[in-house]
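Take a look at the structure set out below.
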Amino acid sequence: MPYYVTTPIYYVNAEPHLGHAYTTIGADILARHMRQRGEEVFFLTGTDEHGEPVAQAAERAGVSPRELADRNARRFLDLMPQIDVSNDFFIRTSDERHVARVQEVMQRVHDNGYVYEGTYEGYYCPRCADFKTPSELGPGNACPIHEIVLELVTEQNWFFRLSAFEDALLRLYEERPELVMPDFRRNEALAFIRGGLQDVSLSRPKLKWGVPLPWDPGQVMYVWFDALLNYYTALSFARPGEDLTDRFWPASLHVMAKDILKFHSVYWPALLLAAGLELPERMYVHGFLLMGEKKMSKSLGNVLDPFRVIEQYGSDALRFYCFREVSFGQDGSISPAGFEARYETELANDFGNLASRVLAMVERYRDGVVPAGVEVDPALAGGEGGLGGVEVLVAGLLDRAEISRALDVCWGSVRRLNRYVEERKPWELAKDPGRARDLDAVLYNLAEGLRVVTLLLHAYVPKAADRLLGALAERSRGIAALGSRGGGQRIERIPPLFPKLG
């Protein structure tokens, strides 16, 4: 089956920060891994350019919403190659092709009887672009995410009959327990549904920056309906002259942060049901990157600039750190000191030093040619961190989007290879001509093991992995099992993959 993975689309009311990079790199790791396995992959990311947050930010900046959207969308576009993201398309919701497709779907929802006109009264957060239920309000009717007091809003607008889908959504979650992952996020979605679904506002009568309702052009669509549909609309125009919808829809996996769980796990499936469209296969909801005790947020001003991190440590280090330091799915604290510690102890020492030692020993003891005609050492294949079948274990974890656990497994294999060097002491074997075959076996197993873990790590650290695979004379970038390649290759030494920080 084709594999279609998405990130949420990011608001253009401010520049990108590390939280955006985190989500996007997570989806990219999955996309790269699936391509390694030979799957047909489509990977979508982009920007959310309509709605009140963008209009207000533009007003503060003294520019039009379109000018602000163009400026900040370019910054998100620039981020993608810097973090080595391999997306197949970047959607902007101000694209007229998206607007036309959204109107087409929403007209279908209207014609199916799931829209009506009415009066809304409640608390609205302009930064979340969300009408808050009483249970979602903080003390003093404040937004718990942005820590601002919300005003009571009364509007005459159009409503989506979300309440009509309460029973259908409960059945859906019972029949498809894997729809939302991890399980505790699924339980949060279920709790919201079981608390009773209320119809939600579909339009904003006072806002002008948005997608006009096709049946009432005087009102623009509530931004979340416009934004959610990007996952569906993009397929119709992402590839010039070709509609990819039949090939890739429904999406295999939506990746998102927990603050937009409600929209994706409740509004989104209800909207698709109302339009008569297939539902996505799964959603994976990750936690927040924290600076101190608070979520990293451009609104709170506690962000870590990914561009500066990359300038100092490189993109591979950023990609590695995000999923090694913070378990994907959970909240986790990050810090500049954390970057340096992970870089030095794991990337430079565990992996980089292993690569340098193996390449150097094959060059020194066998003139740069990996010994042939020897077998896999059972001691390296089995036991803690053993490399036998590690590719199957990693693939199974990434099938469930358990990115950090898969990286833990990979790193266990890196450390097992380091222990193997110390256990077998090839420098001592080299002193005894009578143990030449033993040395051959050790060098082959080290080179082969290094090749396997580098292929597994390719999705995480693509630049370093490409350099090392080139040095190992590995032409394939697919997933490989220990022992699947014999010896005889000529390899070469390369500069350190992760140089020590000065």
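Points to keep in mind about this one:
- Packing-based ranking, highest mean first, of 9-16, 89-96, 223-230 given that Cβ atoms within 10 Å are counted: 223-230, 9-16, 89-96
- Considering only the chain, percent of DSSP beta bridges that pair antiparallel, nearest 5: 55
- With Cα atoms as the point set, the stretch 390-502 shows a radius of gyration and Dmax of 15.2, 49 Å.
- Cα gyration tensor shape for the stretch 125-242, rounded if a/c is under 1.5, else prolate or oblate: oblate
- The alpha carbons of the stretch 335-471 stretch over 50, 31, 26 Å along the principal axes, in descending order.
- Of the peptides 472-478, 57-63, the order by per-residue mean of other Cβ atoms within 10 Å, starting with the highest, comes out as 472-478, 57-63.
- Cut-off 10 Å between beta-carbons: net charge of the residues surrounding Gly383, Lys and Arg +1, Asp and Glu -1: +1
- Neighbour net charge for Cys125 - beta-carbon separation under 12 angstrom, K R +1, D E -1: -4
- Any cysteine of the chain lacking a neighbouring Cys Cβ under 4.7 Å - listed by number: Cys322, Cys410
- Stretched out straight at 0.36 nm per residue, the stretch from Glu340 to Arg171 would grow longer than its current Cα-Cα span by 56.1 nm.
- Per-residue ellipticity at 222 nm, computed for the chain from helices alone with -39500 (n - 2.57) per DSSP H run of at least four residues, works out to -13000 deg cm²/dmol.
- Counting charges near Ala464 (Lys, Arg +1; Asp, Glu -1) among other residues having Cβ under 11 Å from its Cβ returns a value of 0.
- Here the stretch 335-471 is treated with +1 on each Lys and Arg Cβ and -1 on each Asp and Glu Cβ, and its dipole about the Cα centre works out to around 180 debye.
- The stretch 155-276 - charge dipole about Cα centre, Lys and Arg +1 at Cβ, Asp and Glu -1, debye rounded to 20: 280
- Cross-link partners for Lys206 among the aspartates and glutamates, with Cα-Cα distance under 19 Å and sequence neighbours closer than 8 places in the same chain left out: Glu49, Glu52, Glu59, Glu117, Glu121, Asp130, Glu151, Glu155, Asp216, Asp226.
- Where only C-alpha atoms are counted, convex hull volume of the stretch 3-313 per residue in Å³: 142
- Take each peptide in 163-170, 354-361, count the other Cβ atoms within 10 Å of every residue, and average; sorted highest first, the result is 354-361, 163-170.
- Between Glu59 and Ala372, the simple spin-label model (points 7 angstrom out along Cα→Cβ) gives 7.4 nm.
- Under the convention that each Lys and Arg Cβ holds +1 and each Asp and Glu Cβ holds -1, the size of the dipole of the chain around its Cα centre is about 1240 debye.
- Potential lengthening between Arg239 and Asp438 on full extension [0.36 nm per residue; Cα-Cα distance subtracted]: 66.2 nm
- Listed residue (Val309, Ile260, Asn187) projecting farthest to the positive dipole end of the stretch 3-313, Cβ model: Val309
- Stretched out straight at 0.36 nm per residue, the stretch from Asp331 to Arg364 would grow longer than its current Cα-Cα span by 7.2 nm.
- Dipole of the chain computed with +1 at Lys/Arg Cβ and -1 at Asp/Glu Cβ about the Cα centre; of Gln36, Leu207, Leu497, farthest Cα towards the positive end is Leu497.
- Under the span-like rule (Cα at least 20 Å along the axis, Kyte-Doolittle mean at least -0.5), DSSP H helices of the chain: 18-36, 436-457
- DSSP-loop trypsin sites (Lys or Arg not before Pro) across the stretch 1-52, with at most 15 other Cβ within 10 angstrom: Arg37
Since every read-out is calculated from the coordinates, none of them should be taken as a lab result. Bear in mind that the values here come from a model prediction, so they are computed numbers and not experimental data. Glycine gets a Cβ as well: all are built from the backbone with ideal geometry, and neighbour counts include every protein chain shown.
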